[in-house]
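So the structure is just underneath, and the comments pick up after that.
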Amino acid sequence: MIRRDVNRGTVFTRRALLVGGAQTLLLGGLAARLWQVQVDEGGRYATMAEDNRVTARMIAPQRGRILDRFGSQLAGSLINWRALLVTEQTVNVRQSLDNLSAIVPLTDAERARIDRDLRHGKSFIPILIKEFLSRDAMTKIEVNAPDLPGILVDVGTSRTYNYPYELAHILGYVAPPNENDMDGDPLMALPGLKVGRAGVEKYHDLALRGRPGVVHLEVNAVGRVIRELDRTDGINGDDIGLSFDVGLQLAIQKMLGDDAASAVVLDCRNGEIMAMVSNPSFDPTLFATGVSQAQWKEWTKDRRTPLINKATSGLYAPGSTFKMAVALAGLDAKAISFHDRLNCPGHLDLGTSRFHCWNKAGHGALDLHQALKYSCDVYFYQVALRTGIDRISAMAHRLGMGTELDIDIPGQRLGLVPTKEWRQSKGHPWELGDTVVSGIGQGYIVVSPLQLATYAARIATGRAVQPHFTRRIAGAMQPGSQPEDWPDLAVPEPMLQAVRSGMFAVVNDAGGTAPRARLAGPFHLAGKTGSSQVRRVSRKQRESGTFDSKNLPWEFRPHALFVAYAPYEQPRYALSVVVEHGNAGGIVAAPLARDIMTEVLRRDPASRQDGPAQVADVKS
Amino acid sequence: MIEQRLWLKSSHDLTGKIFRVNWLFVLLLCALATVGYVALYSAAGGSPEPYATRHIVRFAFGLLIMVCIALVDIRIIARFSWVAYAGGVALLILVLKIGHVGKGAQRWLDLGGQQIQPSELMKLGLILALAAWFHRASWERIGNPLFLLPPLIAVLIPVGLILKEPNLGTAMITLMLGGVIFFAAGVRWWKFILVLLPVPFVARYAYQHLHDYQRARIDTFLNPESDPLGAGYNIIQSKIALGSGGTWGKGFLQGTQGHLDFLPEKQTDFIFTMIGEEFGLVGAVAVITLLILITWGALLVGLRCKHQYGRLVAFGIACNFFFYCFVNIAMVMGVIPVGGVPLPLISHGGSAMITMMVSFGILMSVQVHRDVEFANTDND
């Protein structure tokens, strides 16, 4: 019995020690594996733990402001509390939204938009639930955070415009980016980011955007933020200072009234745009909240085209305002001289066609100065014929018409001052009659009001100034604000002077076509009228004598135009006015030009420096 | 001989018994429970609530039970071996009928608010039953295959029932537990080789009949990165936590993986990861060393015991403890598939703690009664 017991005991002891040894080895093996994981591969896992723990979030920079030349704000940013939803951080999106709508009511339209975003969005990109929360609602959401998984509140900014209606065409507006806007800027991933869509907002979008900041947050496994680790503030967008004078803009807008009209005022020494009005305008803030069907219809059906910036995109035959270009082309080509006198019998016959002067009785023999002063058509028919269309076209382009300008808002239309080649490229021969009508700015020629103002400025200064808005970026003066920044026009000064004196006579001499543009006070305005036909007047109408464009339907009446600069003795400002279907430039556009120029001069900082007496003087 | 009998007589005396309890072993258990307290304090985010206080109260209660059981004569315990086994099987059947479902398996019985996992009690019952069976067996009888048939069935019944819950991990542990007791009892080497040879084929067959979630566990174990946000998430996060702990750890309460909830079930199954993250390799190896010491402490009780029943019971309890530890640590390190096995005396969880303390109580009873004369149950 004892032997058996000892026998069993020895076997047990042997085997128990064996098993115990094996167990020790196994646990020791685990310890060895721990060495591998914790020491050998520790660095790699430490990085992974850090990646788990830390999440980087972008801080949206504030979009830069847009200021006018006196620093008055045109566009800025408002604080905007927003509720966002990160779908991957919640199990039940519906539930979170239902709980949220108990705090902040959501309309059906908002729910529909959120549903749409939910279907298209990625689960880790926040979806905008509601903007412009009150501080109260924001606090309630934060307090109820445990019931609102996936919902987070953040503070963003929204764009605000001080003069939404008045500056719509110039400033443009901002809108959420679409796929075409995805230019690799990490900012694009930020919820609620808006990019410039038109005008200055679009042109200076990159400068206005700024650089995003980064905040590193410690988060737990479900993404809840535990604490902020560090923060690198973003760089806010640059402020853009425009050459623009918003007070002048508003004043001009008022003068133009309800007419479909536009006016551009330039500092003619450097091309800075002081005002650019296109009436009527529209309210672009409606785009942000959604434009109603009725509103959209109203805008698109309105024949005064409120959505189009007429100053850069409206094209008009320049009519008689084009005559300075023809004159300069003729002088430059030596086709005429200053004192050549050409006869006007009231019409010009070319083959079987007869081209009339506006004055049926004719002007008799006149020189360039008189031809401009009386705006004689026949004189310029002849100059055009002598000079040829291609030289006229080249001069017009040099003066800024029918060509691309370096304007710093998008959307300019180039217009057209044709050449023979252009006509031939369309498959037609260039007719001499086409040259004749080109002499008075009709025919194929179309230009924009901005080009007309540039044209006036270039004649006034003899410099190839380019119209532009940008004056300062982030406070720093941009090139182009000094006359020396602009190249010489390369038109001999005596020729320019001849044309200028003609423009002076138009307004200031007895018998000129635009006495209504004469300025009260010490300064003189030089200008030129234009009335551009939009429909050919038939011989029958002309002969019956009953023709009066005032009796035409609105859309067939001629456009009224005026280009001008002042003061004549020391040119400072150039302008163009176009009143669509306004009939006669001398009657409708000229007084507007006078009023605008009076206001421009009154607001001139130089006249302010001279003291209030001077201002009062100018005003009277 | 007479002296020894006198001494034995005196061993029935209560004070004597208490002196014979291995207090060094108890001290090791206290150390382990203290590690548990510290880890659970951290798991609760630096608070004794809700885990750490309850843990230590339970341990104190367990300690009391342990000492009480230690004083019960091992021969009385031996008499109830098969009763314990039958009770375990009954509970396993009960859990299949009315058990609580957790993670796709029926594992829990609700006894007046206290949830118990019958498979844990079952293992203890099995140890006692096998020890009782082999206590009767001479070296010669163990060589007889027919003699081995009843204990084999006794092992396979609970294994089958646990598999049915289904709880693959515990079933495997139960099977291995039975195996090592067979081995320690003196079953011949070649029989083990004969049984182990077809294992690869059986494993293959079994894999095809596993539950989807079990198969997913094995699949993600083999390649955790294949499903980093799904089933592989736990393993990956656990390895990240351990690895980022480095040699010295991130410091008490400084573990980011644990405190930021990247670590799943950090107060139960993944408590060891938490320790490894905050106390590094040094802390983790210290805990492993403690576990090795306790395993050897339990084995020593068996080695010093004079009767086969006590030897096998102590050995079984030592192995049971070892399996818990090894499977748990291996699983959080991604060495074996995740299996819902707690780390004894460290993981939060009442039922496992009490079962473990009861088993240590029986172990101490073996220690106290290592020299008692057993009625000869083997009459050959």
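All of the numbers you see were taken from the coordinates with simple rules; none came from a lab. Since this is a predicted model, take the numbers as computed values, not measurements. Neighbour counts run over all protein chains shown; Cβ positions are idealised from the backbone, glycine included.
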For the protein assembly as shown, build the charge dipole from Cβ charges (+1 Lys, Arg; -1 Asp, Glu) around the Cα centre, then report which of A:491, A:525, A:83 sits farthest towards its positive end. A:83
Once you average over the residues of A:49-61, how many Cβ atoms of partner chains fall within 10 Å of each Cβ? 3
What residues have an amide H closer than 5 Å to that of residue A:344, excluding those fewer than 5 places away on the same chain, when H is modeled at 1.01 Å from N in the peptide plane? A:363, A:364, A:365, A:366
With +1 at each Lys and Arg Cβ and -1 at each Asp and Glu Cβ, the charge dipole magnitude of region A:56-242 around its Cα centre, to the nearest 20 debye, comes out at 100
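Would you please give the FRET efficiency between residue B:164 and residue A:206, computed as 1/(1 + (r/R0)^6) with r the Cβ-Cβ distance and R0 = 51 Å, to the nearest 0.05?
Between residue B:164 and residue A:206 the formula returns 0.15.
Just rank B:79, A:197, fewest to most, by other beta-carbon atoms within 10 angstrom.
Listing B:79, A:197 from fewest to most nearby Cβ atoms yields B:79, A:197.
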How large is the charge dipole for chain A, taken about the Cα centre, if only the Cβ atoms of Lys, Arg (+1) and Asp, Glu (-1) carry charge, to the nearest 20 debye? 1060
Using a simple charge model, +1 on the beta-carbon of Lys and Arg, -1 on the beta-carbon of Asp and Glu, nothing else, what dipole does region A:294-356 show about its Cα centre, in debye to the nearest 20? 260
Long pairs among A:301/A:420; B:17/B:306; A:360/A:528; A:360/A:426, criterion Cα-Cα beyond 25 Å: A:301/A:420; A:360/A:426
Pull up all non-local amide H partners of residue A:129: gap of 5 or more, or a different chain, and H-to-H distance under 5 Å with H placed in the peptide plane. A:83, A:84, A:85
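Give the shape of chain B as rounded, prolate or oblate, defined through the alpha-carbon gyration tensor: a ≥ b ≥ c are the square roots of its eigenvalues, a/c under 1.5 means rounded, and otherwise the shape is prolate if a/b is larger than b/c and oblate if not.
Oblate.
If R₀ is 51 angstrom, what is the calculated FRET efficiency for the pair residue B:373 and residue A:39, using the beta carbon separation as r and rounding to 0.05?
0.45
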For the residue A:47, residue A:182 Cβ pair and Förster radius 30 Å, calculated FRET efficiency rounded to 0.05 is 0.50
Going by the alpha-carbon gyration tensor, a ≥ b ≥ c the square roots of its eigenvalues, is region B:267-368 rounded (a/c under 1.5) or, if a/c is not under 1.5, prolate (a/b greater than b/c) versus oblate? prolate
Would you mind ranking A:166, A:404, A:484, A:218 by Cβ crowding within 10 Å, fewest neighbours first? A:484, A:404, A:218, A:166
Number of partner chain Cβ atoms within 10 Å, mean per residue of B:240-251: 6
How shielded is B:321-333 by partner chains, expressed as the average number of their Cβ atoms within 10 Å of its Cβ atoms? 3
Between 0 and 90°, nearest 10: helix A:590-603 axis offset from chain A longest Cα axis: 60
Once the dipole of chain B is set up from charges on Cβ (+1 Lys and Arg, -1 Asp and Glu), the residue from the list B:240, B:216, B:293 lying farthest towards its positive end is B:293
In what sequence do A:392, A:587 fall when counting other Cβ within 10 Å, fewest first? A:587, A:392
Residue B:293 paired with residue A:250, simple spin-label distance in nm, labels 7 Å along Cα-to-beta-carbon: 8.6
Cα gyration tensor category, rounded, prolate or oblate, for region A:56-242 with a/c compared to 1.5: prolate
To check my understanding: the extent here is largest minus smallest coordinate of the Cα atoms along each principal axis. What are those three numbers for the protein assembly as shown, in Å, largest first? 162, 62, 48
